[in-house]
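Trainee: This is the structure I have questions about; it appears just below.
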Amino acid sequence: MIRPLRDLGNDYLLLAGWLSDHRVLAWYQGRDRPFDLPRARDELGPIARGETEVNGCIVERISMPIGYLQYYPVLDPADYALESAERTVGMDLFLGEPDLWGKGLGTRVIRLAMGMIFESAEVERLVIDPHADNPRALRAYEKAGFGRIKVLPAHELHEGEYRDCWLMEARREAK
């Protein structure tokens, strides 16, 4: 299940816990930028309160929180080296419970998120930009239906250096 991020202490505690785990931070935010509770509130509070264009969500499995998803309209096509961002939504996610990694759960979460986002009549394309050196994420996105478009060189500052990322996309299925 995917539910909205809530402006409540429990959601911020979850995120602070996940985003202070070096295994999660190795791929999301960076190990040099761990979160504590005040930072989780400060950075994610505006998302939880609907004050930004980002939609934040908690991913649950059998009523147990296991990860975070956010999606947002791509407002500037240059952010992803696109010619156009019309009807395009960007997405970021992580499973915050490393014990669940490598079991196919990420692919299921991605498919669930894709279905939820594509329910909007306005969304035609989803884009995501995982690190080029993250084979587990790349496999999960491909298994869920994303295709690799191009490498975005030095696209994301992560742990003090710019990292290459893959631009990947999924398109709404024709009905």
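Trainee: Specify whether the C-alpha gyration tensor of the stretch 1-96 places it in the rounded, prolate or oblate class, a ≥ b ≥ c being the square roots of the eigenvalues: rounded for a/c under 1.5, otherwise prolate if a/b is larger than b/c and oblate if not.
Mentor: Verdict is prolate for the stretch 1-96.
Trainee: Also: So what's the gap between the Cα centers of the stretch 98-169 and the stretch 25-45, to the nearest angstrom?
Mentor: 20
Trainee: Let me ask another. Non-local amide H neighbours of A132 (under 5 Å, H modeled in plane, Pro and chain starts lacking H): which ones?
Mentor: D164, C165, W166
Trainee: Continuing with this model, one more query. What net charge is computed for the residues neighbouring G30, neighbours being all others with C-beta under 11 Å from the C-beta of G30, Lys and Arg scored +1, Asp and Glu -1?
Mentor: Summing Lys/Arg as +1 and Asp/Glu as -1 gives -1.
Trainee: Over the stretch 19-96, average the accessible area per residue using a 1.4 Å probe and give it in Å², no decimals.
Mentor: 51
Trainee: What list of ³J(HN,Hα) couplings, whole Hz, do you get for the stretch 45-50 from phi and the Karplus terms 6.51, -1.76, 1.60, once you set θ to phi - 60° and write x for glycine and proline?
Mentor: So the J values, rounded to whole Hz, are x, x, 5, 4, 8, x.
Trainee: Suppose all protein chains stay in the model; what accessible area per residue would a 1.4 Å probe give for the stretch 127-171, in Å²?
Mentor: 50
Trainee: Still on this structure, please answer the following. With a cap of 15 neighbouring Cβ atoms within 10 Å, and only residues DSSP puts in a loop, list the GluC sites (Glu not before Pro) found in the stretch 49-96.
Mentor: E51, E53, E83, E86
Trainee: Still on this structure, please answer the following. At a 1.4 Å probe radius, carbon and sulfur cover how many percent of the accessible area of the chain?
Mentor: Percent of accessible area from carbon and sulfur atoms in the chain: 50.
Trainee: Using only Cα atoms, figure out Rg for the chain and give it as a multiple of 2.2 N^0.38 Å.
Mentor: Relative to the rule-of-thumb radius for its length, the chain sits at 0.99.
Trainee: Using Cα pairs under 8 angstrom and six or more residues apart, how large is the relative contact order of the stretch 1-143, in percent?
Mentor: 21
Trainee: Shifting gears a bit: Give me the number: length gained by fully extending D76 to I149, i.e. 0.36 nm times residue separation minus the C-alpha to C-alpha distance, one decimal in nm.
Mentor: Full extension from D76 to I149 adds 24.5 nm.
Trainee: From the phi angles alone, apply the Karplus equation (6.51, -1.76, 1.60; θ = phi - 60°) to the stretch 52-59 and give each ³J(HN,Hα) in whole Hz, x where the residue is Gly or Pro.
Mentor: Going residue by residue, I get 10, 7, 7, 9, x, 9, 9, 9 Hz, with x marking Gly and Pro.
Trainee: Moving on to the next point. Quick check: convex hull over the Cα atoms of the stretch 83-175, volume per residue in Å³, rounded to an integer?
Mentor: Spread over its residues, the Cα hull of the stretch 83-175 gives 109 Å³ apiece.
The values are calculated or read from the model by the stated rules, or taken from the named source; none is laboratory data. Everything numeric in this text was worked out from a predicted model, so none of it was measured. Using ideal geometry, Cβ is built from the backbone for each residue, glycine included, and neighbour counts are taken over all protein chains shown. Ligands, DNA and RNA are excluded from the accessible area calculation, which covers all protein heavy atoms including side chains. Shrake-Rupley method; radii C 1.70, N 1.55, O 1.52, S 1.80 Å.
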